[in-house]
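A.B. asks: Right, I'll just put the structure down here and ask away after.
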Amino acid sequence: MYSNMQQYLIIGGSGGIGKALATQLAKEGKQVIATFNKNEPQQEDTNIHYHHLNVLDETLSLDFIPEELTGIVYCPGSINLRPFERIKPADFEADYQLQVIGAIKIIQAVLPKLKKAENASIVLFSTVAVQSGFPFHAQVAASKGALEGLTKALAAEYAPKIRVNCIAPSLTDTPLAALLLNNEQKKEANAQRHPMKRVGSAEDIAAMAAFLLSEKASWISGQIFHVDGGMSSLKVN
């Protein structure tokens, strides 16, 4: 089904950052195997092959994945911003299942395929809220903080064969953040909170992910990259 060229698996590749990354890799001539859960995308590029996958299923059928993978990217996530005292333990567990256990299940399943590649790479996603600390972000920060720890542990365990890195964006204009950016007033207010005075785009984050997957990043592993408009490190007027 797939050629012997570089092949990438994007879990959650039908919208937002995942879709932007799939499009970028396809334009570069890479073969992309992308998954979707609820909304099946229209086939737009012969280099992108979509398959249904729900990472929360007890058993996962991954027979659509080729025998060798150059890289995988795990995109599923959620943004639930509420006061800590209103978040039930079950809510934390649900986020952890989606964002951490889901990633673990996929990575464990495809490790043998990654080990066959010359420049294998794994990219995960965190959030600026892990490092910086924002009110009402306890639920998302707890799971994403676990992913940052997983990134470093796996990078150490699988060096030098497989590189593992993580991107920690700030607020990005994707369907996941729609409720936070659903009118011009909200968009402008959130833009002004960032030193770069704009909200991030899916393409901003996808560009970093594509770089980390590429041979240009062959000496980079175990890192958390803050692609966040300067939010985590700059204090400007």
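The values are calculated or read from the model by the stated rules, or taken from the named source; none is laboratory data. If you're wondering where the values come from, they're calculated on a predicted model, not measured in any experiment. FYI the Cβ positions are ideal-geometry reconstructions off the backbone, even for glycines, and counts take in every protein chain you see.
A.B. asks: Which is over 29 Å from THR59 (Cβ atoms) and either of a type outside the set (Asp, Glu) or at pLDDT below 95 (or both), of SER121, SER132? Let's see the steps before the verdict.
C.D. replies: On the way: SER121 fails: over 29 Å from THR59 (Cβ atoms).
Going through SER121, SER132 in turn, just one is over 29 Å from THR59 (Cβ atoms) and either of a type outside the set (Asp, Glu) or at pLDDT below 95 (or both): SER132.
A.B. asks: Now for a different question. Looking at LEU81, LEU53, LEU60, LEU69, which one is modelled with pLDDT under 95, surrounded by 12 or more Cβ atoms within 10 Å (Cβ to Cβ) and within 22 Å of LYS115 (Cβ to Cβ)? Before the answer, list the steps.
C.D. replies: Values: LEU81 fails: within 22 Å of LYS115 (Cβ to Cβ); LEU53 fails: modelled with pLDDT under 95; LEU69 fails: modelled with pLDDT under 95.
The conditions single out LEU60.
A.B. asks: Here is a further query. Taking segment 16-44 only, how many residues are touching a Ser or Thr at 6+ places or on another chain (Cβ under 7 Å) and not in a helix (DSSP H, G or I)? Even if it seems obvious, please write down each step before you answer.
C.D. replies: So in segment 16-44, the residues touching a Ser or Thr at 6+ places or on another chain (Cβ under 7 Å) come out as 16-17, 31, 34, 36, 39, 41.
Pick out the ones that are also not in a helix (DSSP H, G or I) and you get 31, 34, 36, 39, 41.
The qualifying residues number 5.
A.B. asks: Look through ALA155, ALA117, ALA146, ALA103 and report the one residue that is in contact (Cβ under 8 Å) with a residue 24 or more places away in the chain, part of a helix (DSSP H, G or I) and under 17 Å from SER214 (Cα atoms). Steps first, please.
C.D. replies: On the way: ALA117 fails: part of a helix (DSSP H, G or I); ALA146 fails: under 17 Å from SER214 (Cα atoms); ALA103 fails: under 17 Å from SER214 (Cα atoms).
Among ALA155, ALA117, ALA146, ALA103, only ALA155 is in contact (Cβ under 8 Å) with a residue 24 or more places away in the chain, part of a helix (DSSP H, G or I) and under 17 Å from SER214 (Cα atoms).
A.B. asks: Please enumerate the residues belonging to segment 123-162 that are out of contact with any helix residue (DSSP H, G or I) (no Cβ under 9 Å at 6 or more places or on another chain) and either acidic (Asp, Glu) or more than 19 Å from PRO76 (Cα to Cα) (or both).
C.D. replies: Filtering segment 123-162 for residues out of contact with any helix residue (DSSP H, G or I) (no Cβ under 9 Å at 6 or more places or on another chain) gives 128, 132, 149, 151-153, 155-157, 159-160.
SER132, LYS152, ALA153, ALA155, ALA156, GLU157, ALA159, PRO160 - these are the residues of segment 123-162 that are out of contact with any helix residue (DSSP H, G or I) (no Cβ under 9 Å at 6 or more places or on another chain) and either acidic (Asp, Glu) or more than 19 Å from PRO76 (Cα to Cα) (or both).
Yes/no matrix, rows are residues, columns are (1) closer than 25 Å to ALA207 by Cβ; (2) not basic (Lys, Arg):
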{"site": "TYR8", "(1), (2)": "yes, yes"}
{"site": "LYS19", "(1), (2)": "yes, no"}
{"site": "GLN31", "(1), (2)": "yes, yes"}
{"site": "ALA34", "(1), (2)": "yes, yes"}
{"site": "ASN39", "(1), (2)": "yes, yes"}
{"site": "ASN54", "(1), (2)": "no, yes"}
{"site": "ASP63", "(1), (2)": "no, yes"}
{"site": "PHE84", "(1), (2)": "no, yes"}
{"site": "GLY102", "(1), (2)": "yes, yes"}
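A.B. asks: Go through segment 168-196 and give me each residue that's in contact with a Ser or Thr (Cβ under 8 Å, 6 or more places away or on another chain) and not in a loop (DSSP other than H, G, I, E, B). If you could, list the steps in order and put the result at the bottom.
C.D. replies: First, the residues of segment 168-196 that are in contact with a Ser or Thr (Cβ under 8 Å, 6 or more places away or on another chain): 168-170, 172-173, 176, 194.
Across segment 168-196, the qualifying residues are THR172, ASP173, LEU176.
A.B. asks: Something else now. Looking at (1) surrounded by 21 or more Cβ atoms within 10 Å (Cβ to Cβ); (2) part of a helix (DSSP H, G or I); (3) not hydroxyl-bearing (Ser, Thr, Tyr), find the lone condition where VAL164 falls short.
C.D. replies: So the condition that VAL164 fails would be (2).
A.B. asks: Right, something else. Cβ-Cβ below 9 Å, separation at least six or inter-chain, first residue in segment 4-30 and free of Cβ contacts under 8 Å to residues at least 24 places away in the same chain, second among the hydroxyl-bearing types (Ser, Thr, Tyr) and surrounded by fewer than 21 Cβ atoms within 10 Å (Cβ to Cβ): which pairs?
C.D. replies: ALA26/THR46
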